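Report on one structure; see the data block that follows.
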Amino acid sequence: MATQEKAPPLAGLVTAGDEQKEAVAITDFIFMARDVSNAYLVTTDDGDVIVNTGIVHNAERNVALLKPHRTGPLRYIILTQSHADHFGGVPSLVEEGTKVVGGPGYIEARDDMLGMQSYFGPRTFKLWGSTLKQDGPPKAAQPEVTPDIFVEDRMTLEVGGRTFELIHAPEGETEDNILVWMPKEKIVFTGNTFGPVWLSMPFLNTLRGDKPRRVRTYLQSLKKVRDLGAEILITGHGDPVVGKDRIREDLDRMEAAVTYVRDYTLEGMKAGKTVHELMHDFEFPGNVAIGDFHGKASWAVKSIWREYSGWFHYEDGTTELYGVPRSSVYGDIAELAGGAAKLAERARSKLGEGKPLEALHLVDIALGADPDERSALEAKRDASQMLLDECGGQNLSETMWLRSEIAEIEAKLGG
């Protein structure tokens, strides 16, 4: 049986607000409501500003958490990106006279994500359902929040003696991503410019699916943040990062790590290595590594390879050009091998050799020929469990995927 895995850091971050009873005071004028993505209240001498609002079904909770610290009319709601965990609470927070601010391309990015929910929703639920304690894809429609004001490149807002500089810094997660910089106070809100976990490898193409995020653009946005010289950096998830020197050092580490992955990938491509060879052989030098909590360095290799090379794998040959997948001949392979059970038997021997990925390749063929072959299902479950044990639960996406695979197989096997 598997040992109990420690919850990956991101899982704790996105559920941290479940038991929150009062807002967290970051300074005497900035207050945080923890959520899947946090909501922040900034008070001024002439009303308030909110940076992000959390998800729709936590909206009333976030309103209640921030209410004791409100000082006047809500002048602006600033959305650092167009994902629903940032704009979901807008209808509950907006007041007469409040202006909602978004980044360039916000509407297109929002409509892409919301319009594709019939595709993204089930995929997201498979990954996140158990972590967020959901029993199915969300049934409630997301609010269609449209900003009143759009930042093109830079914009400055003045509210009650405080200055808010809004700076376009795309592709941490979305093309419309903006930073909120308070130059007098030396505070920057980065949203998810660096993904959901600080000091972690960016997720350049998520398992759920979304438009790819380009590595070059990520590094350019990182430089924009570093050049600000912030003394407090407030992210979309978790606690602020405090101290000018620490922020600079952390940003330098992230730049070095992502640059290393990019250069490793491009040099490998020039040397004629395949994407699978590059993924398999990747290792960080000890002084460069950052966390693999949501994205993962070997997945970044694959994303960068595809960014530069495209979808066509020359080593896979002509069939890549056409709409007949390799799985169309799984039944033939199984027949030649003596049936799905024989393939499952070979997969079991691969497990005995400590090769769960080779085992999964075999059972995919077996189950493609006979989806109900019990021995193949059992081998797939055990291979997935072996991978889960080996990964140690550090990367949330990998952990959630493997757990969901095991749960689906168990259900099919009857418990």
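The values are calculated or read from the model by the stated rules, or taken from the named source; none is laboratory data. The structure presented is a predicted model; accordingly, all values stated were derived computationally and were not measured. In this analysis, Cβ positions are derived from the backbone assuming ideal geometry, glycine residues included, and neighbour counts consider all displayed protein chains.
Out of the residues in the range 217-238 meeting the condition of being of a type in the set (D, E, K, R) and touching a residue at least 12 places away in the same chain (Cβ under 8 Å), tell me which one is surrounded by the fewest Cβ atoms within 10 Å (Cβ to Cβ). Restricting to residues being of a type in the set (D, E, K, R) and touching a residue at least 12 places away in the same chain (Cβ under 8 Å), the top hit is Lys223.
For the range 184-205, which residues satisfy the criterion of being in contact (Cβ under 8 Å) with a residue 24 or more places away in the chain and over 18 Å from Leu13 (Cα atoms)? Within the range 184-205, Glu185, Lys186, Ile187, Val188, Leu204, Asn205 qualify. Looking only at residues in the range 60-83 that are surrounded by fewer than 21 Cβ atoms within 10 Å (Cβ to Cβ) and touching a helix residue (DSSP H, G or I) at 6+ places or on another chain (Cβ under 9 Å), which one is farthest from Asn38 (Cα to Cα)? Filtering first and then ranking leaves Leu74.
Among residues of the range 88-100 that are under 19 Å from Leu166 (Cα atoms), those with a Cβ under 6 angstrom from a residue that is of a type outside the set (Phe, Trp, Tyr) and surrounded by fewer than 21 Cβ atoms within 10 Å (Cβ to Cβ), sequence gap 6+ or separate chain, pair up as Thr98/Leu74; Lys99/Asp148; Lys99/Ile149; Val100/Asp148. Answer yes or no: is there a residue in the range 254-266 that is surrounded by 22 or more Cβ atoms within 10 Å (Cβ to Cβ), in contact with a Phe, Trp or Tyr (Cβ under 9 Å, 6 or more places away or on another chain) and within 30 Å of Ile50 (Cβ to Cβ). Yes, the conditions are met somewhere in the range 254-266. Filtered by the rule that a residue be closer than 18 Å to Ile30 by Cα and without any contact (Cβ under 8 Å) to a residue 60 or more places away in the chain, the range 50-64 gives Ile50, Thr53, Gly54, Arg61, Asn62, Val63, Ala64. Residues considered: Arg226, Arg214, Arg208. Of these, the only one that is within 11 Å of the chain's Cα centre (by Cα) and basic (Lys, Arg) is Arg208. If you check Thr124, Thr174 for being β-branched (Val, Ile, Thr) and either in the same structural domain as Ser404 (by TED's automatic domain parsing) or outside any helix (DSSP H, G or I) (or both), only one passes: Thr174.
Note on the range 364-381: among residues that are under 18 Å from Arg326 (Cα atoms) and in a helix (DSSP H, G or I), the one that is nearest to the chain's Cα centre (by Cα) is Asp364. Checking each residue in the range 114-132 for being under 19 Å from Asn58 (Cβ atoms) and of a type in the set (A, V, I, L, M, F, W, C) picks out Leu114, Phe125, Trp128, Leu132.
For the range 351-363, the candidate set comprises residues that are crowded, with 17+ Cβ neighbours inside 10 Å and in contact (Cβ under 8 Å) with a residue 24 or more places away in the chain; within that set, the residue that is farthest from the chain's Cα centre (by Cα) is Leu351.
For the range 31-54, a residue qualifies if it is of a type in the set (Val, Ile, Thr) and under 14 Å from Ile77 (Cα atoms), and the qualifying residues are Val42, Thr43, Thr44, Val49, Ile50, Val51, Thr53.
When the range 295-341 is limited to residues that are within 21 Å of the chain's Cα centre (by Cα) and of a type in the set (Phe, Trp, Tyr), the one that is nearest to Arg374 (Cα to Cα) turns out to be Trp299. If the condition is being in a loop (DSSP other than H, G, I, E, B), of a type outside the set (A, V, I, L, M, F, W, C) and touching a helix residue (DSSP H, G or I) at 6+ places or on another chain (Cβ under 9 Å), then the range 268-282 contributes Lys273, Thr274. With the condition kept exactly as written, say whether any residue in the range 309-320 is surrounded by 18 or more Cβ atoms within 10 Å (Cβ to Cβ), at pLDDT below 95, in a loop (DSSP other than H, G, I, E, B) and touching a helix residue (DSSP H, G or I) at 6+ places or on another chain (Cβ under 9 Å). For the range 309-320, residues surrounded by 18 or more Cβ atoms within 10 Å (Cβ to Cβ), at pLDDT below 95, in a loop (DSSP other than H, G, I, E, B) and touching a helix residue (DSSP H, G or I) at 6+ places or on another chain (Cβ under 9 Å): absent.
Among residues of the range 270-292 that are outside the structural domain of Leu357 (by TED's automatic domain parsing) and touching a residue at least 24 places away in the same chain (Cβ under 8 Å), those with a Cβ under 7 angstrom from a residue that is surrounded by fewer than 18 Cβ atoms within 10 Å (Cβ to Cβ) and among the acidic types (Asp, Glu), sequence gap 6+ or separate chain, pair up as Thr274/Glu315. Checking each residue of the range 269-281 against the condition of being polar (S, T, N, Q) and within 22 Å of Gln220 (Cα to Cα) gives no match.
Return yes or no: is Arg246 at negative phi, outside any strand (DSSP E or B) and at pLDDT 95 or above? Spelling it out, Arg246 is indeed at negative phi, outside any strand (DSSP E or B) and at pLDDT 95 or above.
Restricting attention to the range 287-307, the residues that are touching a helix residue (DSSP H, G or I) at 6+ places or on another chain (Cβ under 7 Å) and part of a helix (DSSP H, G or I) add up to 8.
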